[in-house]
Amino acid sequence: MPLEEYRLLDSGNLMKLEQAGPYRIIRPALNAFWKPALPESEWNAAQSVFERNSSGGGKWHHRRGSLPDSWQLLYNGFKLLAKPTNFGHLGFFAEQYDNWNWTKQVIRQMPGEVRAMNLFAYSGVGSMAMAAGGAQVCHVDAAQGMIEWGRQNQTLNPDVPDSIRWIVDDVLKFAAREIRRGAKYNGIALDPPSFGRGPKGQVWKMEDGIGDLIQSCRQLIDERNPYFIILSCHSPGFSPLVLKYILRDVFGKKGKIESMEMSIPDSKGRPLPAGVSARLLVDR
């Protein structure tokens, strides 16, 4: 496999030092309470730093020139379009690496045609992983810009099957319509935000909406065949065990549930914690 073009170089003092293609950047890592392992000179070599403000946004500060509006890099076997956003994101969450690989492997082992759904699907890397595994994928996100970004990523990866439906909609409302239509899926991945708004101003809060959403997933799953659920989040108060119990409450004791802290490995073998995840697999 070609060398990954995204790497976490170091973390500490509530920041992380990253190599994203040709650009070295610094972004917040609000749980990195330890000291950096690399010398200060390595951090000083960063081209740009993102500083967060109290409103949840922030600003990029450039030390040497400026970052382009976008550039391409290779990660997890996919060519991705990276963009420095006003929220400090680049367009992919590196901590999902293992979940993407798990999804591809599980789908390849499932019999027959596999229909999968990706909710709060962002810029499409998870959806491409599902399609690469052989699934027909329904990609749902409330932001038109994310759908366009996802389509651009798909265009950059001609080896990924063209089997993704790109849908701009409020996740809960779309799921409800799919239930009324009698739609069924063999796998669902969801990475809900702590807070968000739908295309018509619908408010989403993780702590208020996650129960109903997982119940909707239960109704959408084709329980006659093997199926999987991947639930991940970055919300305070949600631990791996919390996500495991949420899935167990709704799906009962069917299949195997594993839960874990997601992390990004760094060059010094010191993974940076970055959210939590739980995976349910029912293999009939």
Handout entry: Residues that are within 27 Å of residue 253 (Cα to Cα) and either among the small types (Gly, Ala, Ser) or not assigned by TED's automatic domain parsing to the domain that holds residue 134 (or both), drawn from the range 195-227
Key = 209, 211, 216
Exercise for the section: Residue by residue through the range 60-76, note down the ones that are touching a residue at least 24 places away in the same chain (Cβ under 8 Å) and either surrounded by fewer than 16 Cβ atoms within 10 Å (Cβ to Cβ) or touching an Asp or Glu at 6+ places or on another chain (Cβ under 7 Å) (or both). Expected result: 72, 73, 74, 75
Handout entry: Hits in the range 183-203 - residues which are closer than 29 Å to residue 114 by Cα and either modelled with pLDDT under 95 or not in a strand (DSSP E or B) (or both)
Key = 183, 184, 186, 191, 192, 193, 198, 199
Practice task
Look through 104, 83, 79, 59 and report the one residue that is closer than 30 Å to residue 130 by Cα and touching a strand residue (DSSP E or B) at 6+ places or on another chain (Cβ under 7 Å).
Solution key: 79
Problem - Breaking point among (1) surrounded by 14 or more Cβ atoms within 10 Å (Cβ to Cβ); (2) closer than 30 Å to residue 57 by Cβ; (3) within 21 Å of the chain's Cα centre (by Cα), for residue 188 - result: (2)
Exercise for the section: Name every residue in the range 251-284 that is farther than 21 Å from residue 7 by Cα and not in a strand (DSSP E or B), in order of residue number. Expected result: 251, 252, 253, 254, 255, 283, 284
Handout entry: Of all residues making up the range 85-114, the number that are touching an Asp or Glu at 6+ places or on another chain (Cβ under 8 Å) and either within 19 Å of residue 168 (Cβ to Cβ) or not in a helix (DSSP H, G or I) (or both)
Key = 1
Exercise for the section: Could you tell me whether residue 203 is without any contact (Cβ under 8 Å) to a residue 60 or more places away in the chain and over 25 Å from residue 55 (Cβ atoms)? Expected result: no
Exercise for the section: Inspect all residues belonging to the range 229-240 and state whether any of them is touching a residue at least 24 places away in the same chain (Cβ under 8 Å), among the hydroxyl-bearing types (Ser, Thr, Tyr) and part of a strand (DSSP E or B). Expected result: yes
Practice task
Return the residue satisfying two criteria in turn: it lies in the range 136-179 and is among the aromatic types (Phe, Trp, Tyr) and in a helix (DSSP H, G or I), and of such residues it is surrounded by the most Cβ atoms within 10 Å (Cβ to Cβ).
Solution key: 149
Completion exercise
Given the conditions (1) in the same structural domain as residue 162 (by TED's automatic domain parsing); (2) touching a Gly at 6+ places or on another chain (Cβ under 8 Å), every one holds for residue 32 apart from (1)
Handout entry: Identity of the residue in the range 225-252, among the polar types (S, T, N, Q) and at pLDDT below 95, that ends up farthest from residue 112 (Cα to Cα)
Key = 235
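The values are calculated or read from the model by the stated rules, or taken from the named source; none is laboratory data. Treat the numbers as computed from the prediction; the structure is a model and nothing was measured. Every residue, glycine as well, gets a Cβ built from its backbone with ideal geometry; the counts of neighbours run over all protein chains shown.
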